[in-house]
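The values are calculated or read from the model by the stated rules, or taken from the named source; none is laboratory data. Model, not experiment: these values are computed from the prediction. All Cβ positions, even for glycine, are placed from backbone atoms using ideal geometry, and neighbour counts span all protein chains on display.
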Amino acid sequence: MRLLARLLALLALSLAAACSDKAPAPPEQGGPALWRVQRGGLDGWLFGTIHVLPKGVAWQTGAITDAMGKADRLVLEAADLQDEQKTLMLFEKMGRSAGLPPLENRVPPDERAALDKALGDGGTSSQQLSGYESWAAAMLLSAAAQQSLHVSQEEGVEPVLIAAFKAKGKPIGGLETVERQFGAFDTLPEAAQRRLLVQTVHEAKDMKGLYDRILDAWVKGDMEAIAKEDQRGEQPDPMVEEAILVARNRDWVKAIEALSGHPFLAVGAGHLTGRENLIALLQARGFTVTRVQ
């Protein structure tokens, strides 16, 4: 999926959540993509999630439910995303700085009209976002744009997984921390952050269409269609892609290598396609990764 969708995925459980008025029915066969991951003392599952869903998407197929039942723990991208207060506190701490220029001065002159429209459509303003660093302003602009879609964060995959594993008394962990997630953006050079802001403005124009395409592909387990979203529209800035996707995937492989037993690994489906995706990196480290759904 394109950069905007991946960007939104990081904050979907805490700052905002996209939804659509179109809820595709589950396919008669298949379902969201699920893999078996094995090496040494680890024999678990890898589930490609979509962090936010409209009501009525029946994604818990028999294969997924069976894997959840056999798993001895849940491993999310970041377990501390469950702590909304901590997440918001970190975002405010890391995302704000004093003496920043107005938001409109951080985009090229010919992009200012588009920025103004995106801000207006999202019910926010340059004044409200100018106190945030450019990466954080881009996230908040995305979140604001989603509000016009009548957002809800109650229907995402992760809350359902968390509730199910808590009910069984099984531990819940993470491959990284929320601070690491925000840090991937916070350490970007300002020029890269501004390019991210401009691309967020551009992609906000077709947010609903983008989300609907990704949702339709995800519920069918069509990873090829999800991968094709990478090729639609603008290509992500290489520096941003490296920081927020590839480098994190590499770190996740190291975290998975330290695991044993039967974990149920749940990460955004966008991390399972494209350059140095998580599956390819695991295979390169000697893991057997087998598609089971």
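Evaluate the following for Gly99: is it farther than 24 Å from Ala33 by Cβ and in contact (Cβ under 8 Å) with a residue 60 or more places away in the chain?
no
Condition test on Ala280, is it at pLDDT below 95, surrounded by 14 or more Cβ atoms within 10 Å (Cβ to Cβ) and assigned to a helix (DSSP H, G or I)?
no
Determine if the stretch 153-167 includes at least one residue that is closer than 23 Å to Asn249 by Cβ, basic (Lys, Arg) and either part of a loop (DSSP other than H, G, I, E, B) or modelled with pLDDT of 90 or more (or both).
Within the stretch 153-167, none of the residues are closer than 23 Å to Asn249 by Cβ, basic (Lys, Arg) and either part of a loop (DSSP other than H, G, I, E, B) or modelled with pLDDT of 90 or more (or both).
Considering only residues that are outside any helix (DSSP H, G or I) and crowded, with 18+ Cβ neighbours inside 10 Å, which ones fall in the stretch 72-93?
Passing the criteria: Leu74, Val75, Leu76, Glu77, Ala78.
So the check is Cβ under 6 Å with 6+ separation or different chains; which pairs have a first residue in the stretch 42-70 that's within 15 Å of Glu158 (Cα to Cα) and a second one that's among the β-branched types (Val, Ile, Thr) and outside any strand (DSSP E or B)?
Filtered contacts from the stretch 42-70: Thr49/Val157.
Gly120 - would you say it is exposed (fewer than 14 other Cβ atoms within 10 Å of the Cβ), assigned to a helix (DSSP H, G or I) and either touching a residue at least 40 places away in the same chain (Cβ under 8 Å) or more than 21 Å from the chain's Cα centre (by Cα) (or both)?
Yes; evaluated as a whole, the condition is true for this residue.
Does the stretch 219-230 contain at least one residue that is in a helix (DSSP H, G or I), of a type in the set (Val, Ile, Thr) and within 30 Å of Gly41 (Cα to Cα)?
no
Six or more apart or on different chains, Cβ atoms under 8 Å: show the pairs whose first residue is in the stretch 81-93 and more than 22 Å from Ala266 (Cα to Cα) and whose second is surrounded by 14 or more Cβ atoms within 10 Å (Cβ to Cβ) and among the charged types (D, E, K, R).
Sorted first by the residue in the stretch 81-93, then by its partner, the pairs are Leu90/Glu179.
Return the total of residues in the stretch 195-228 being buried (at least 17 other Cβ atoms within 10 Å of the Cβ), free of Cβ contacts under 8 Å to residues at least 60 places away in the same chain and basic (Lys, Arg).
2
Within the stretch 29-47, how many residues turn out to be over 16 Å from Val57 (Cβ atoms) and either charged (D, E, K, R) or in contact with a strand residue (DSSP E or B) (Cβ under 9 Å, 6 or more places away or on another chain) (or both)?
11
If Arg112 satisfies all but one of (1) assigned to a helix (DSSP H, G or I); (2) in contact with a Ser or Thr (Cβ under 9 Å, 6 or more places away or on another chain), what's the number of the condition it fails?
(2)
What number of residues within the stretch 251-293 are under 17 Å from the mean Cα position of the chain (by Cα) and of a type in the set (Lys, Arg)?
1
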